[in-house]
1. From the list A:VAL59, A:VAL69, which residue is of a type outside the set (Phe, Trp, Tyr), touching a Ser or Thr at 6+ places or on another chain (Cβ under 9 Å) and more than 7 Å from chain B (Cβ to nearest Cβ)?
2. Look at A:LYS24 and say whether it is modelled with pLDDT of 95 or more, farther than 16 Å from A:MET142 by Cα and among the basic types (Lys, Arg).
3. Are there any pairs, at least 6 apart or on different chains, whose C-beta atoms fall under 7 Å, with the first in the stretch A:118-130 and more than 16 Å from A:THR41 (Cα to Cα) and at pLDDT 85 or above and the second surrounded by 13 or more Cβ atoms within 10 Å (Cβ to Cβ) and not hydrophobic (A, V, I, L, M, F, W, C), and if so, which?
4. Can you list residue pairs whose Cβ atoms sit under 9 Å apart, with the first residue in the stretch A:47-74 being of a type in the set (Val, Ile, Thr) and the second being assigned to a loop (DSSP other than H, G, I, E, B)? Count only pairs 6 or more apart in sequence or on different chains.
5. The conditions are (1) at pLDDT below 90; (2) under 24 Å from B:HIS66 (Cα atoms), and A:ALA224 fails exactly one of them. Which is it?
6. Taking the stated definitions as given, is B:ASN186 within 13 Å of chain A (Cβ to nearest Cβ), without any contact (Cβ under 8 Å) to a residue 60 or more places away in the chain and polar (S, T, N, Q)?
7. What about A:ALA201, is it over 25 Å from A:ILE43 (Cα atoms) and exposed (fewer than 13 other Cβ atoms within 10 Å of the Cβ)?
8. So, of the residues in the stretch B:1-50 that are under 17 Å from B:ARG115 (Cα atoms) and surrounded by fewer than 16 Cβ atoms within 10 Å (Cβ to Cβ), which turns out to be nearest to the chain's Cα centre (by Cα)?
Amino acid sequence: MEDLLLARPGYFALLLHGLGITAKLFAVSWVAALVVASLLTAIRATSSKIAQGVIALFVEYHRNVPGLVQIFVWYFGVPQLLPRDWQRWINRNDGEFLMAAIALTLYAAAYMSEDLRSGLRSVSSGQSQAARSLGFTYTQTMRFILLPQALRNALPALVNQTLALFKATSLAMMIGVAELMHAVRQMENETYRTFEAFIVASICYLAISYLLIYAGSVASKRVAMSKR
Amino acid sequence: MIDILRDYGLILLVGQYPQGPLGGLAMTLVLAALALIISFPLAILVGLARVSTWVPLARVAAFYVHTVRGLPLLLVVFWAYFLVPLIGGKDINATLMMLFALVVYESAYMGEIVRAGIVSLPSGQTQAARALGLTTPQIFASVVLPQALFNMIPSILSQFVVLVKNTSLAYVIGVDELTNAAYQVNGQLLTKPFEVYGLLAISYFVICYLLGRGVSLIEKRIMKKRSGSGAVVVAAVRNQPA
């Protein structure tokens, strides 16, 4: 029993720490991505051609560039453009986590905004006309009438994106964020117990993935029931 | 950025080739193409197993698909890095390990596309074939699969774009592909990370965007061809980040 990898002193704590960072990175990016995606969708639904073009470019960039490269651009590249004090501030304040979170947020937001957009398209136009005739402003119509319904229609697709974002947090390891994969790699490097270390990692990722899928299906059922 | 392209463009494009092994963008495309070619027949098997009426087979296939979909590709790459030498001896190179990881990963995702293609065929097709006295293998080989696969062409091709993006993880185990080439160039320049990684992002963008455009052109042509026959065209599964 004492020969189990996780039973060795410090390793269980290391794993928990990694899991904690993964959870934090995932939660922060997910919430931020949903907000950014909603904003992008709302702006894209206006008639401004320039805004539509800029957002379309944003979405295409994030769809066609690997997540790993996006993280590299943010972590290695972007700080070069910032003023010195900002760079120092980033270095002092866990820049790896911050940059990974920004990259993952924008990456997920681009995909989510596409899902929301098709969700929005499936809301019948009578809804917004009725809201406008009741005297709602554009922002109010979006916020209270259209986006909630779009969100409901897009729910299955958003669950997929959530799962994808969760898996993508593993890429943060590549710039030194001490998340789950990083912790497992460290265990593996120190003990050469590769098989065990990867089994532990796989169980953790699978368990959380299934949990997310389950949560998604519960949410979908609830939403389906609330639909008249 | 122009000067980086002038000085290192060739390395980003083909690596050390022809003085050394192939690398850079060429390796990225070769890896993705090989992975697509190898996963395609495997994906058909997975898809068939998923719709099989023999429950144990369907269960095993479902387990494989759900496991792979629940794991990050990065972890699958690490698994391959560990497992492939166990299967094939010590001197297996990293490229083969990456290929293995990509094939394992993509076969699961493409298997689901195949399954969707089969399931979405009208059941009258199978019933008619059965009424004509065809056996189950005959029904699949000459009635179901030809139609299902034709409908799936856009989704399968979209998967190539996903594959091109996914090869970037080969960098992790030291395969000399595009991301790795950029990393090396950045190591030599040291002072221009934004330009180097920006260039890398632009390269992927241009390639994947053009490929995606090509796929939607093909999709439109197939839609046009199929619109009369009432067959269901499987929606492209593009929303699958690495």
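The values are calculated or read from the model by the stated rules, or taken from the named source; none is laboratory data. Everything numeric in this text was worked out from a predicted model, so none of it was measured. Cβ: placed from backbone, ideal geometry, glycine included. Neighbour counts: every protein chain shown.
1. Answer to the check: A:VAL59.
2. Here the answer is yes, as A:LYS24 does meet what is asked.
3. Sorted first by the residue in the stretch A:118-130, then by its partner, the pairs are A:GLN127/A:GLN149.
4. Here the result reads A:VAL73/A:VAL65, each pair linking the stretch A:47-74 to a residue that is assigned to a loop (DSSP other than H, G, I, E, B).
5. It fails just one condition, (2).
6. In short, yes.
7. no
8. The selected residue is B:PRO41.
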